[in-house]
Structure formats: C-alpha cells, structure tokens
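Colleague: Below are the structure tokens for one structure; questions will follow.
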Amino acid sequence: MALLKAPVPLGYAQASKEAHSVAAPLLTGAALALAGVVAGANDKIFRWPGISLLMLVSTSLALIASIQLHYYSRQYFYSRQDIHDWYDIGDGLRHKAQRARLYAWQGDDYDKWARNNDRAVHCFNAGTVLLGLGIVAALSPPDGGRQATWRWAAAGLVLLCTVAEAVWTLAIYRKNVHLRRTRGVALSAITEPRETA
C-alpha cells in the first residue's frame, strides 16, 4: 500500500480554506470599496490617487486569483476515507488492484492540490501586502492641511503593520517548508507493505 499523502501540518488545508473562502472575499470587497472612494474623489483629497487605485485594483485581482486557484485546487483534495465513502471497495484479494489504483490517483490528485493551493496562498499573501500598500497610499495626505499629521501617523502605522505582515508571512512560509521536508523524510523512513495486483 502506498504511503498516505497528507498536508503538513495536517490542519493546513482547513486553514487555507478559511483564508480563501472567507477572508479573501471580504478583503476583495474592502479593496474595491476603497478603490471606489478614491476613484470618485477629487485630486485634492488624496496625495496619490492613481497609485492608490493601482494598488487597490491589484489587491482585488490577486485576491480573486487566490479564490479561483483555491476553488480549482480543492477539487483534488480528498482523503482515503473519502475514497472508501464513495466507492464500494471490499477487503478481499480481488479488490487489491482497484484499491491500489484509487490510492495512486489520490496521490496524483493530492500533488495537483498542493501545487495549485500553494499558488493560491502566494496570491492571497501578495493581495494582503498590496492592500496594506494601497491603504498607505490612500491615507497619505495631500499637501499640508489640518489633519496631515494624523493621516501620516495612520499611514505610517499601516505601513509598519504591512511590513510586519510580510516578514511574518515569509517566516511562516520558511517554517512550513522546513516542516514539510523533515516530516517528509520521517514518513519516507516508515515502510508499509505494498499491495500487488
């Protein structure tokens, strides 16, 4: 029997689902709403309306790409238990070939899910950083004004949080890559008897 292919860490698929099916649509709506405000305002309200619009529209496109990639990839994510729930596979000798083929397909499909889900994650992460930069550009005040200090403070705070988000995201990415490698080596050391047709 082939080794089970599963996400590392095991909760990764569920976390990814939450990001792409809940957070990404909400953030997309927020980015488009802010883009509408910037587009409808006169040039005296925003310092860089064109840059703000570019960042906010780019945010929306990246987040929509993450939703679409996640939807596509999710079709290929299922477990061996799902196979047994959908197919009537007995334990007898005559079912070994069928079981082995379905398990092999699960492994191939898992690889498709992992590849496309990783692309969705990269789009989501890019979208969150672009959203932060778009907000910074929108908050930056035009020349002077009574509220300029407060707007610069708000823009600076958002920029600081955006940089922290980017650094944190890279750190989590590196940690997960390391975890996948170490657990992958540990799992490959476990030998399971292979079924033959």
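The values are calculated or read from the model by the stated rules, or taken from the named source; none is laboratory data. These numbers were taken from a predicted model, which means no experiment stands behind them. Positions of Cβ are backbone-derived with ideal geometry, glycine not excepted, and every protein chain shown enters the neighbour counts.
Colleague: Could you list, in sequence order, all residues of region 49-65 that are buried (at least 17 other Cβ atoms within 10 Å of the Cβ) and more than 16 Å from Cys123 (Cβ to Cβ)?
Modeller: Of everything in region 49-65, those that are buried (at least 17 other Cβ atoms within 10 Å of the Cβ) and more than 16 Å from Cys123 (Cβ to Cβ) turn out to be Pro49, Ile51, Ser52, Leu53.
Colleague: Quick check on my filter: what residues within region 151-172 are surrounded by 13 or more Cβ atoms within 10 Å (Cβ to Cβ) and either among the small types (Gly, Ala, Ser) or in contact (Cβ under 8 Å) with a residue 40 or more places away in the chain (or both)?
Modeller: Hits for region 151-172 are Ala154, Ala155, Gly156, Ala166, Thr169.
Colleague: Specify the residue that is nearest to the chain's Cα centre (by Cα); the eligible residues are those in region 131-188 that are outside any helix (DSSP H, G or I) and of a type outside the set (Asp, Glu).
Modeller: By that ranking, first place goes to Ser140.
Colleague: Test Gly132 against the stated conditions and say whether it is out of contact with any Gly (no Cβ under 6 Å at 6 or more places or on another chain) and over 16 Å from Ala62 (Cα atoms).
Modeller: No; evaluated as a whole, the condition is false for this residue.
Colleague: Considering only region 81-97, state which residues are surrounded by 11 or more Cβ atoms within 10 Å (Cβ to Cβ) and either under 18 Å from Ala6 (Cα atoms) or polar (S, T, N, Q) (or both).
Modeller: If the condition is that a residue be surrounded by 11 or more Cβ atoms within 10 Å (Cβ to Cβ) and either under 18 Å from Ala6 (Cα atoms) or polar (S, T, N, Q) (or both), then Asp82, Ile83, His84 are the ones that fit.
Colleague: Please go through region 42-56 and pick out each residue that is more than 15 Å from Gly132 (Cβ to Cβ) and among the aliphatic types (A, V, I, L, M).
Modeller: Across region 42-56, the qualifying residues are Ile45, Leu53.
Colleague: Run Val185 past the list (1) under 30 Å from Tyr12 (Cβ atoms); (2) at pLDDT 75 or above and report the number of the one that doesn't hold.
Modeller: Looking at each condition in turn, Val185 falls short on (2).
Colleague: Answer yes if at least one residue in region 27-41 is surrounded by 15 or more Cβ atoms within 10 Å (Cβ to Cβ), at pLDDT below 85, under 25 Å from the mean Cα position of the chain (by Cα) and within 21 Å of Val129 (Cβ to Cβ), and no otherwise.
Modeller: no
Colleague: Next question, about the same structure. Scan region 98-107 and tell me whether some residue there is more than 20 Å from Ala6 (Cβ to Cβ) and either assigned to a helix (DSSP H, G or I) or not aromatic (Phe, Trp, Tyr) (or both).
Modeller: Scanning region 98-107 turns up at least one residue that is more than 20 Å from Ala6 (Cβ to Cβ) and either assigned to a helix (DSSP H, G or I) or not aromatic (Phe, Trp, Tyr) (or both).
Colleague: Out of the residues in region 139-150 that are in contact with a Lys or Arg (Cβ under 9 Å, 6 or more places away or on another chain) and not hydroxyl-bearing (Ser, Thr, Tyr), state the one that is surrounded by the most Cβ atoms within 10 Å (Cβ to Cβ).
Modeller: To start, the set of residues in region 139-150 that are in contact with a Lys or Arg (Cβ under 9 Å, 6 or more places away or on another chain) comprises 139-143, 145.
Checking the rest, the ones that are also not hydroxyl-bearing (Ser, Thr, Tyr) come to 139, 141-143, 145.
Details: Leu139: 20, Pro141: 18, Pro142: 15, Asp143: 7, Gly145: 12.
Out of the qualifying residues, it is Leu139.
Colleague: Going through region 1-26 one residue at a time, which ones are aliphatic (A, V, I, L, M), modelled with pLDDT of 80 or more and either in contact with a Lys or Arg (Cβ under 9 Å, 6 or more places away or on another chain) or under 30 Å from Leu102 (Cβ atoms) (or both)?
Modeller: Once the filter is applied, which keeps residues that are aliphatic (A, V, I, L, M), modelled with pLDDT of 80 or more and either in contact with a Lys or Arg (Cβ under 9 Å, 6 or more places away or on another chain) or under 30 Å from Leu102 (Cβ atoms) (or both), region 1-26 yields Ala13, Ala15, Ala19.
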